[in-house]
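Everything on this sheet refers to the single structure shown next.
Bear in mind that the values in this text are calculations on the coordinates, not laboratory data. From a predicted model like this one, the values you see are computed outputs, not experimental measurements. Cβ placement follows ideal geometry from the backbone for every residue including glycine, while neighbour counts extend to all protein chains displayed.
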Amino acid sequence: MELVHLPEAAKELGISYPTLKQWIYRRKIRSVKTAGGHHRIPRVEIDRVLFQKASRGRTRKGAAGTHPPSSARAPGEPGSGLEHRISGRNQLLGRVTSLQIVGLLAKVTLDIGGQKVTAIITRDACQELNLKVGDTAAALIKATEVMIIRPGG
């Protein structure tokens, strides 16, 4: 799990350092304390907040910076900004790490909490989403079956 220092996290979120500290104290954003008592923000938490901002129509550059997200809800939960856009709840939030476009298809790889998820989508869809390496995005998992595997022993 990648942990980000507060000044860097505040810059990525487009807010001030004092605002980020208030978000931590009010539990609007999750943090991890180091052995020395310093706060660090997990990368996945920064991605979650950026995704919520984007789903509300605000971009990183255009965000006001002083108003935190309405809640710490996951994408797809009521109030997250996505409840009217898609019914699927199996969403995994991550960051685009690789993008390969060949012919009519695009291979998109997301880093989701240190795990890689790859999707093959159309070139047109990739262009419409304006995907770039480093962007936050969510993978929507749609399956008719879920299987559990456990190591033998």
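Checking the table LYS28/LYS142; LYS28/LYS132; LYS11/LYS53; LYS107/LYS142 against a 24 Å threshold on Cα-Cα, which pairs fail? Flagged as over cut-off: LYS28/LYS142; LYS28/LYS132. Summary of the geometry: the range 5-44 and the range 86-137, compared by the centres of their Cα atoms, lie 26 Å apart. The ranking of ARG95, ARG123 by Cβ neighbour count inside 10 Å, starting from the fewest, reads ARG123, ARG95. Only aspartates and glutamates eight or more places from LYS116 in sequence, or on another chain, were considered; those with a Cα closer than 19 Å are GLU2, GLU45, ASP47, ASP135. Once the C-beta distance of ARG27 and LEU129 is scaled by a Förster radius of 25 Å, the resulting FRET efficiency is 0.20 to the nearest 0.05.
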